[in-house]
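Bear in mind these aren't lab numbers, they're just calculated from the coordinates by the rules spelled out. All values reported here derive from a predicted model rather than from experimental measurement. Here the Cβ positions follow ideal geometry from the backbone for every residue, glycine too, while neighbour counts run over all protein chains shown.
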Amino acid sequence: MSGAPLLRLDRLLANLGYGSRREIQEMARQGRITLAGEALRDVEQRVALTADLSARLSIDGEAADPLPGLVLMMNKPAGATCSHKEAGPLVYDLLPGRWRRREPAISSIGRLDKETSGLLLLTDDGAFLHRIISPRAHIPKRYLAELELPLRGNEAAVFASGQLRLAGEAKPLLPAELEVISPHKAAVTLYEGRYHQARRMFAAAGNRVLALHRTSVGGLSLPDSLEAGGFALLDTAQRASVLSGPAPLALEPRI
Ligand code: URA
């Protein structure tokens, strides 16, 4: 006994977006669903949701989609939106059509604004999502910003001060780190996720962000091999790395 949860085959495949339970029954009758090479014709049978199931279960000769509980990283292109409320193509449109019909649905872990590119995490695992976006999590997120004006030189101190207030907000920002890359380019690491935070921070420092790209979340960096619009499943180690990463000095427990 593996101890893995059991789920009816028709429910599993319907939840993965392969069709209605009736359509799946028909696919099974036609011998299109196989487990370790054997046709599964009884859709009421329960299958164990083991880690290797999607590799052993085939539909029309292809390995089944990843089981529920997935985490993806996407290299979000500028111009794609994370919100159904905003006009324009959705980041979800970059996923295979079937993945958009999954239950539980895949949603982005937090948001990047429409014109921001780079590392976006997506999941159907509500518990994982909440661990990352919890206001208490303070997971570091690193961005590269291209700036309209040359840096003045005081930005690192202003961002690290814990005193900076964004326009219209009373609560000062947590300390953030800024690393100067060139006069018009900087990396910033933020430990919270306020609305358009990086752009508004540079605006508060008298500058304007021309392009913003997220390079890492926690200890997970966007690989160079992932082209804009591409996505990849996270393995167990990569998932754990999202929750790791250095705490900023100002947030470390004081002894
Ligand atoms: N800061 C921004 O301004 N935009 C983002 O998408 C993320 C951080």
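Once the piece of chain linking Asp93 and Glu23 is laid out straight, how much longer is it, given 0.36 nm per residue of separation minus the C-alpha distance between them?
Numbers: separation 70, 0.36 × 70 = 25.20 nm, distance 2.39 nm.
In short, 22.8 nm is gained.
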Label-point gap, in nm, between Glu227 and Ala187 - each point 7 angstrom along Cα→Cβ: 2.6 nm
query: Between Ala55, Gly193, Pro150, whose Cα lies farthest towards the positive end of the dipole of the chain when Lys and Arg beta carbons carry +1 and Asp and Glu beta carbons carry -1, centred on the Cα centre?
result: Gly193
- request: Check cross-link reach from Lys171 to the lysines: straight Cα distance under 24 Å, and skip same-chain residues fewer than eight apart.
  value: Lys141
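Quick one, what does Rg over Rh come out to for segment 6-63 if you take C-alpha atoms and the Kirkwood Rh? Before the final figure, lay out the partial values.
Details: Rg = 9.9 Å, Rh = 11.0 Å.
So for segment 6-63, dividing Rg by the Kirkwood Rh gives 0.91.
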task: Quick one: grab Rg to one decimal and Dmax as a whole number for the chain, Cα atoms only, in Å.
output: 22.0, 70
- prompt: Taking the chain as a Gaussian network, where each spring joins two C-alpha atoms under 10 Å apart, which residue of Leu35, Leu234, Leu12 fluctuates the most?
  reply: Leu35
HN-Hα J in Hz across segment 162-173 - Karplus 6.51, -1.76, 1.60, θ = phi - 60°, x for Gly and Pro: x, 10, 5, 10, 7, 3, x, 10, 7, 7, x, 6
- line: Out of Val71, Val91, Val43, a Gaussian network model of the chain with alpha-carbon springs under 10 Å gives the largest mean-square fluctuation to Val43
field: Burial ranking of peptide ranges 54-66, 114-126 (average Cβ count within 10 Å, highest at the top)
entry: 114-126, 54-66
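For the chain, what does -39500 (n - 2.57) per DSSP helix run (n ≥ 4), summed and divided by total residues, give at 222 nm, in deg cm²/dmol to the nearest 500? Present the calculation step by step, with values, prior to reporting the outcome.
Details: 7 runs with 49 residues, N = 255.
Using -39500 (n - 2.57) per qualifying helix, the result is -5000 deg cm²/dmol.
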